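Here's the structure we're looking at; comments come further down.
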Amino acid sequence: MKGIIFDMDGVVVDNHSYHFEAWMNFAQKYKFELNDQIYREKYNGKTNADLFRMIFGNISDEELKQYADEKEDMYTKLYAGHMKPHTGLIDFLDYLRNHKFKIALGTSAPTRNVDFTLDTLKLRKYFDVIVDGTQVERGKPDPQVYQLCAMKLGLDPKECVVFEDSLAGLESGERANCKIIGVATSHKASDLRVKTDLIIHDFTEARKVLKI
C-alpha cells in the first residue's frame, strides 16, 4: 500500500445533506421526480454531465453548463457557512504525509466545487494529484477516475486504497483494482457492506482499519 485516494463529497467533507437539499430545490423548480432513495441510488457519485443528461436528455454542452452552474450555486450558498473537514481527516492526512504515502483526490465533482472545498478548507497542499469530473470521459461506477489517479501517482492501482461514501464510487474503486474502504456518511454502513466489509464512520478509525 503506497497510495491513498480520497473521494471528496461525503469523504473529505460530510456534506451529503447540503447536496441533497440543493438537488431537491432544483428538482422542484424543473419538476422532475427526486427523493432520498432515488438520490442515493442514481445520483450519488455521478458526474454532472451524466446527471443532467439523465434528467434532461440530449442537451447541448451550453445547456449542461447552465444547469450545472445553477445547481452548484444553490449548493455553495447552502454549504458555505457550514463547511468543515470530516472528523479526523486533518490528523490522518498529516500522518500520511509524514509517513511518505502518496495522496490523491478522485471525485466526480466539477472543478469549481473542488476549488470551493479544498481552498476554503486549505486542504490542497495535502494532495499530490487531483482528478475531478471534468477530466474523465466516463463517471463512476466506471473505474476511469481511480485508474487515472493511480497513473498520475505513478502507482499500480493494486498499491492504492480508495475511501468512498457512494456505492457507485466503491464499484469504481473495485473495478480499478484498488482496495476499497467505505465511509458511512451518505449511506448506512449496512448499505455499504454490499461492496465492502472495510467501513469507517470518520477518519479517527482510518489507521485502525488500514493497520498502519
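The values are calculated or read from the model by the stated rules, or taken from the named source; none is laboratory data. Bear in mind that the values here come from a model prediction, so they are computed numbers and not experimental data. No Cβ is skipped: glycine too gets one built from the backbone with ideal geometry, and neighbour counts run over all protein chains shown.
Suppose the filter is among the β-branched types (V, I, T), surrounded by 14 or more Cβ atoms within 10 Å (Cβ to Cβ) and within 20 Å of the chain's Cα centre (by Cα); does T111 pass it? No, not satisfied.
Could you look through region 10-50, keep only residues that are among the hydrophobic types (A, V, I, L, M, F, W, C) and part of a loop (DSSP other than H, G, I, E, B), and pick out the one that is farthest from the chain's Cα centre (by Cα)? Out of the qualifying residues, it is F32. The residue list S190, S186, S172 contains one member that is small (G, A, S) and surrounded by fewer than 16 Cβ atoms within 10 Å (Cβ to Cβ), which is S190.
For beta carbons closer than 6 Å, sequence separation of 6+ or different chains, a first residue in region 184-210 that is in a loop (DSSP other than H, G, I, E, B) and a second that is modelled with pLDDT under 95, the qualifying pairs are T185/H16; S186/H16; S186/N44. Using the structure shown, decide if F20 is more than 23 Å from I199 (Cβ to Cβ), free of Cβ contacts under 8 Å to residues at least 60 places away in the same chain and in contact with a helix residue (DSSP H, G or I) (Cβ under 7 Å, 6 or more places away or on another chain). Taking the combined requirement at face value, the residue does not satisfy it. Taking region 84-173 as the region of interest, none of the helices (runs of 4 or more DSSP H) fully inside it holds 3 or more residues being over 13 Å from K46 (Cα atoms), outside the structural domain of D202 (by TED's automatic domain parsing) and of a type outside the set (A, V, I, L, M). I'd like to check something: does region 115-123 contain any residue that is of a type in the set (F, W, Y), within 23 Å of D73 (Cβ to Cβ) and in contact (Cβ under 8 Å) with a residue 24 or more places away in the chain? Yes: one or more hits. Against the test of being surrounded by 20 or more Cβ atoms within 10 Å (Cβ to Cβ), modelled with pLDDT of 95 or more and not basic (K, R), the options A22, A27 yield a single qualifying residue, A22. Can you find a residue in region 69-81 that is over 27 Å from M24 (Cβ atoms), part of a helix (DSSP H, G or I) and in contact (Cβ under 8 Å) with a residue 24 or more places away in the chain? No: region 69-81 contains no residue that is over 27 Å from M24 (Cβ atoms), part of a helix (DSSP H, G or I) and in contact (Cβ under 8 Å) with a residue 24 or more places away in the chain. Residues in region 145-164 that are surrounded by fewer than 24 Cβ atoms within 10 Å (Cβ to Cβ) and touching a residue at least 24 places away in the same chain (Cβ under 8 Å): Q147, L148, K152, L153, G154, L155, E159, V161.
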